[in-house]
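Encoded as structure tokens, the structure appears first; notes follow it.
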Amino acid sequence: MMSGIVTTGFLDTVRQDEIEREIGGLLEARALRAAAYGDRFAELWSIALGCVLGGKLLRPRLLLGAFDALAPTTGQDAVAREAALRIAAGVELLHYSFLLHDDVIDGDLLRRGRPNLIGTVLRERDPAAFESQARRDGDASPADLHWASTSGILMGDLLLSAAHQVFAREALPEPIRLRLLQLLDHTITESVAGEHLDVALSDGVVSSDLDTVLRMSRFKTATYTFELPLQAAAILAGAAPSTEDAIGAIGRHLGVAFQLQDDLLSTFGCAAEHGKDAFSDLREGKETAIIAYARMTSAWAGIEPVFGDPRLSEESGASVRALLVECGAEGFIRSLIEEQLRASSELISSPGSGVPGALAGFFADVAEAIEERRL
């Protein structure tokens, strides 16, 4: 892979290094101001900078890729592209703020096999305790865990505020700026509602069924991962309101397909290839669409006793995975992914969508990447 280039069709044109530069500039400016509040606070910003950079940057890539596909048809210039780059960086800050709060809720110290911010803070306090805690056999002191998780909550709050500031301070015509702020507010509300529902499902506060799980997936992931960046791109590019609405609907279908594919990776994926623990969702007791389907089958009797066991062995995990295949859960989720991708394709080709050819090609590449598990 070429340095700074993302390898997926139209996404090849989005330079990852320009996004990282913009995000780095935003965080470094705040890190400098943080020094006035003491070494520990400045160190927290430094850790956050290291954690934010190095990710896949999917959301800002989607925003810039869609903007670049739309701009020639709407006559947008380099000044508008710079504004899109800054908003794209703000979207990534929002994403990371959600990740931090999610890690606190789930008690996670790792993300894709690497220490997250909470894990990094704990490791710097006590490396041995971090190692045992990361293995879930717990040896960290309550005070150290409290310090690390508190750092995660507070940095999540700061990044949420920083994302809002990026949107609010961008020098755009007032109607466009207000539309972006409205979109941001809607996104945050829907994403938080999705997280709340996710925890309610996992804790048994809300009964798990397929429709509820799919609604949670749409709120928690599809809204801010796909709808936000794609609709923001349409607004910044000056697309017609009808085209913006169509793009949002397309993003919704792509986002649900993306989350369902992620659920499959967390149960059937290869950890070495994708960086995801193949049994992580089973160990955490995640109420995914796969599990919602399995609950309706006779296979659930063999899955339920070990579902949510943090010490689930590789052997037991493989047995559960076999049951999920045998009962049809895996095949059913794959059919749902195909259904969502087909729905997005039908919207793209609809005569009234207003989606230009370049953007249609961009969406086709994104759909292919989801289908082939490359996002």
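Just so it is clear, none of the values below were taken in a lab; they were calculated from the coordinates. Note that the structure is predicted; figures quoted are calculated from it, not measured. Because the Cβ atoms are built from the backbone with ideal geometry, glycine has one as well, and the counts that use them run over all protein chains shown.
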Tell me the label-point distance for the pair GLN165, TYR37, using the 7 Å Cα-to-Cβ offset, in nm and rounded to one decimal.
1.0 nm
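With only Lys, Arg, Asp and Glu charged, each at its Cβ (+1 for the first two, -1 for the last two), find how big the charge dipole of the chain is about the Cα centre; round to the nearest 20 debye.
On the way: 34 positive and 55 negative charges, 121 e Å.
Dipole of the chain, to the nearest 20 debye: 580 debye.
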Determine the relative contact order of the chain: mean sequence separation of Cα pairs under 8 Å and six or more apart, normalised by residue count, in whole percent.
17 percent
Debye-sum result for region 9-371 in log10 I(q)/I(0), which assumes one identical scatterer on each alpha carbon, at q = 0.10 Å⁻¹:
-0.66
Distance between the C-alpha centers of region 71-99 and region 321-353? Whole Å please.
29 Å
Stretch ILE105-HIS196 to full length: gain in nm at 0.36 nm per residue minus the Cα-Cα span?
31.7 nm
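Please sort 350-358, 95-103 by packing, taking for each peptide the average over its residues of neighbouring beta carbons within 10 angstrom, highest first. Provide the component values of the computation, followed by the final result.
Values: 350-358: 14.3, 95-103: 22.3.
Taking the mean over residues of other Cβ atoms within 10 Å, the ranking is 95-103, 350-358.
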Between THR150 and ASP126, what length in nm is gained on full extension when 0.36 nm per residue of separation is reduced by their alpha carbon distance?
7.0 nm
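When you count, for each residue, the other Cβ atoms within 10 Å and take the mean per peptide, how do 199-210, 143-154 rank with the highest first?
Values: 199-210: 14.5, 143-154: 17.4.
The peptides rank, most packed first, as 143-154, 199-210.
What order do you get for 312-320, 184-192, 52-60, 244-252 when each peptide is scored by the mean count of other beta carbon atoms within 10 Å, highest first? Before the final figure, lay out each step's value.
Details: 312-320: 14.3, 184-192: 17.3, 52-60: 19.6, 244-252: 22.0.
Going by the mean number of other Cβ atoms within 10 Å, highest first, we get 244-252, 52-60, 184-192, 312-320.
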Rg/Rh of region 159-268 (Cα atoms, Kirkwood Rh), to two decimals, equals 1.04
Using only helices, what value at 222 nm comes out for the chain when you add -39,500 (n - 2.57) per DSSP H run of length 4 or more and divide by the total residues, to the nearest 500 deg cm²/dmol?
-23000 deg cm²/dmol
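Tell me, what is the FRET efficiency for GLU28 and VAL325 to the nearest 0.05, using R0 = 56 angstrom and their Cβ-Cβ distance as r?
Details: r = 48 Å, r/R0 = 0.85.
In this case the efficiency is close to 0.70.
What helices in the chain pass both tests, a Cα length along the helix axis of 15 Å or more and a mean Kyte hydropathy of -1.0 or higher, using whole DSSP H runs? Numbers along the way, then the final one.
Values: long enough: 16-34 (27 Å, -0.50); 39-52 (20 Å, 0.83); 58-74 (24 Å, 0.57); 78-106 (42 Å, 0.65); 142-169 (40 Å, 0.49); 174-202 (42 Å, 0.21); 241-268 (40 Å, 0.17); 314-326 (18 Å, 0.20); 329-349 (30 Å, 0.06); 357-371 (21 Å, 1.05).
Span-like helices in the chain: 16-34, 39-52, 58-74, 78-106, 142-169, 174-202, 241-268, 314-326, 329-349, 357-371.
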